[in-house]
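Asks: Let me give you the structure first, and then I'll get to my questions.
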Amino acid sequence: MERGHRVVGVDRSAAALSGLGLPAERCQTVLADIEQGPWPLQGRQFEAVVVTNYLWRPLLPTIAQSVAPGGVLLYETFGAAQARIGKPSRPEFLLQPGELLSTFAGLRTVAFEDGWEAARDGRPERFVQRLVAVREAGQAVGAEPARHLLG
């Protein structure tokens, strides 16, 4: 957002969407229950798709399809070991070891983490998986490889 990118936020909570605090001309909000209703962004692709602290497995293929050629997926949520130290603890909300890697195997993985994160910045300790992956844009033979800035 700070770099002038347009943002689309999707949530089933109007309060969560209003709490984004982003200017309306640069942020589209979509009030939708994506677990009970249809995917509200059908057919749209984005240069970046960001998912945090959320897991609804039936939606994972749609999330992958939402990443445009040359786009990036940033996904972070809780791992299975989280059940031993706190909430969420129900298996349907927790990733199995390496699950993000296998789920998004059609994208090129740039970074992956699966482990424990110490308490910091007011956040409690937790077990998480993180994935950064890109959908490669079509490249001509002999073309320079795509460059994805690290750091």
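Read-outs: derived from the displayed coordinates by stated rules, not from any lab. Since we're looking at a predicted model, the values are computed, not measured. So basically every Cβ, Gly included, is an ideal-geometry build from the backbone, and we count neighbours across all protein chains shown.
Asks: Please arrange ASP33, ASP114 by counting, for each residue, the other beta carbons lying within 10 Å of its beta carbon, fewest first.
Replies: ASP33, ASP114
Asks: Tell me, what is the percent relative contact order of the chain, built from C-alpha pairs under 8 Å that lie six or more residues apart?
Replies: Computed over the chain, the figure is 18 percent.
Asks: Which order do THR52, THR77 fall in if you start with the one that has the fewest other Cβ atoms within 10 Å?
Replies: Ranked by crowding around the Cβ, least crowded first: THR52, THR77.
Asks: DSSP beta bridges in the chain, what fraction antiparallel, as a percent rounded to 5?
Replies: 60 percent
Asks: Tell me the mean residue ellipticity at 222 nm calculated for the chain from its helices only (DSSP H runs of n ≥ 4, each -39500 (n - 2.57), averaged over every residue, nearest 500).
Replies: Roughly -2000 deg cm²/dmol at 222 nm, from the helical runs in the chain.
Asks: Taking mean projected area of the Cα convex hull in nm² as the quantity of interest, determine which of (i) 13.0; (ii) 10.8; (iii) 9.1 was computed from the displayed structure.
Replies: Evaluating mean projected area of the Cα convex hull in nm² on these atoms matches (ii).
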